[in-house]
Amino acid sequence: MTSYGDSTHLLHAGRTPPEPGQPFLPGPVLASTFAIDPVAGPAPGLDTYGRTHSSTRRNLEAAIGDLEGGGCLAFASGMAAVSAVLLALVRPGEAVVLPADGYYLTRAWATSALVARGVRVQLVPTAGPYPSFDGVRLVLLETPANPGLDVCDIATLAANAHAAGALVAVDNTTPTPLGQRPLDFGADIVVASGTKALTGHSDIVLGYLSTRDETLLSALRAWRDATGGIPGNFDCWLAHRSLATLDLRLARQSANAAAVAGALAAHPAVTSVRWPGLPADPSYVVAMQQMRRIPGIVTFELASADAVARFLGASRLVIAATSFGGVHTTADRRAQWGDDAAEGLVRLSCGIEDTVDLVEDVSAALAVL
Ligand SMILES: Cc1ncc(COP(=O)(O)O)c(C=O)c1O
């Protein structure tokens, strides 16, 4: 499949060739238990129980694994996948490096629950400078980091971490595997929320991890089999169905972000704009080196929480909501969640509205400030 373009690839990822009389994507297998041979008992290759076996989940994992370039395990949420990596692979007494400016809950959970388990947690800003990785078990990178959108050079950091004997995991939520394939740059594991652009319709909570290392994959599979953080079969099916339009959705979201970032940058009420696709952005050079697409997320700052409220009140298309990557444009004032961000900092997730409509709407909303 790799010689095809993204959309062609997505239409066939994780699917078997068409068969007369069969749907293009088999429907969800809604089963918690499967019949077993009453005499021989369970047999290898035959499904027995839903926590460990699901053809619907396997189809989705085949598709995502194909996109990331590794084996894949789907999880009930992004946090289920992130926590699986950190709990299954890091032991008490070991050390991890996490992004200081990445998804706040990863940091908040790790600095409470992981530290309570005796794991040493060091927080480092995505843009660096990075410390020596000597004595570190696992380095988690998030690039672009959410919500500040700084990026880091995965290949260089992975080489440094490997030289020190550390594993590297990359949170690939924001770019999706169409925007960036961390395993190609030497990362050991990709971890992500599929809740965002990957599935993109604001109706599924999902997570996954991907790796080329069979030993890591089987350790993580054993962890998931035992702890049970699996996604439901209907959600797996819906996610797989949604992948078919990922290329189209990302293309419009990215085009909308480019146009909106330009409009924001030109407005005097906007004190800063971050979008890694803007040539003046501090992330631009590294983003161009390692990303195939720039996501539809633009982070900008207004003077205050009140200014954000007025902006949102005046917009007819931008929906105030958390999360990102969906087909509707949404805006989230991150400080309201306890993120260490300025009161007026907004993460704007561009949807798939017509670009002219979105720019007109954002410009009209800015005009009230
Ligand atoms: C970068 C990143 N990683 C992980 C997560 C967690 O994903 P979920 O909400 O699916 O658990 C999020 C959620 O916003 C995220 O933005």
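The values are calculated or read from the model by the stated rules, or taken from the named source; none is laboratory data. Please read all numbers here as calculations on a predicted model, not as lab measurements. No Cβ is skipped: glycine too gets one built from the backbone with ideal geometry, and neighbour counts run over all protein chains shown. Heavy atoms of the whole protein, side chains included, go into the accessibility calculation; ligands, DNA and RNA do not. Shrake-Rupley method; radii C 1.70, N 1.55, O 1.52, S 1.80 Å.
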- prompt: Can you give the Kirkwood hydrodynamic radius for the range 117-173, in Å, rounded to one decimal and based on Cα pairs?
  reply: 11.8
- line: Order by accessible surface, 1.4 Å probe, largest leading, for residues GLU68, GLU301 comes to GLU301, GLU68
query: Add -39500 (n - 2.57) for each DSSP H run of 4 or more in the chain, then divide by its residues: what number comes out at 222 nm, to the nearest 500 deg cm²/dmol?
result: -10500 deg cm²/dmol
field: Net charge over other residues, Cβ less than 11 angstrom from the Cβ of THR176 (K, R count +1; D, E count -1)
entry: +2
message: Given Cα positions, please report Rg to Rh for the chain, the hydrodynamic radius being the Kirkwood one.
response: 0.99
Cut-off 19 Å, label 7 Å out along Cα→Cβ of ALA155, residues of the range 277-293 by amide N: 283-293
message: Once neighbouring chains are kept in place and the probe is 1.4 Å, which whole percent of the accessible area of the range 310-369 is contributed by carbon and sulfur?
response: 53
task: Please give the length that would be gained between ALA31 and THR245 if that part of the chain were fully extended, namely 0.36 nm times their separation in residues minus their C-alpha to C-alpha distance (nm, one decimal).
output: 74.3 nm
- prompt: If each of HIS328 and LEU123 carries a label point 7 Å out from its Cα toward its Cβ, how far apart are those two points in nm?
  reply: 3.2
field: Spin-label model distance (nm) - GLN289 vs SER7, 7 Å beyond Cα toward Cβ
entry: 3.2
- request: With r as the distance between the Cβ atoms of VAL39 and HIS267 and R0 = 56 Å, compute the FRET efficiency 1/(1 + (r/R0)^6) and round to 0.05.
  value: 0.15
query: Per residue, how much accessible area does the chain show when a 1.4 Å probe rolls over the protein heavy atoms, in square angstrom?
result: 42
Surface accessible to a 1.4 Å probe, GLU19 within the full protein complex, Å²: 110
message: Per 0.36 nm of contour for each residue apart, how much would the distance between THR111 and ALA364 grow if the chain were fully extended, relative to their Cα-Cα spacing?
response: 86.9 nm
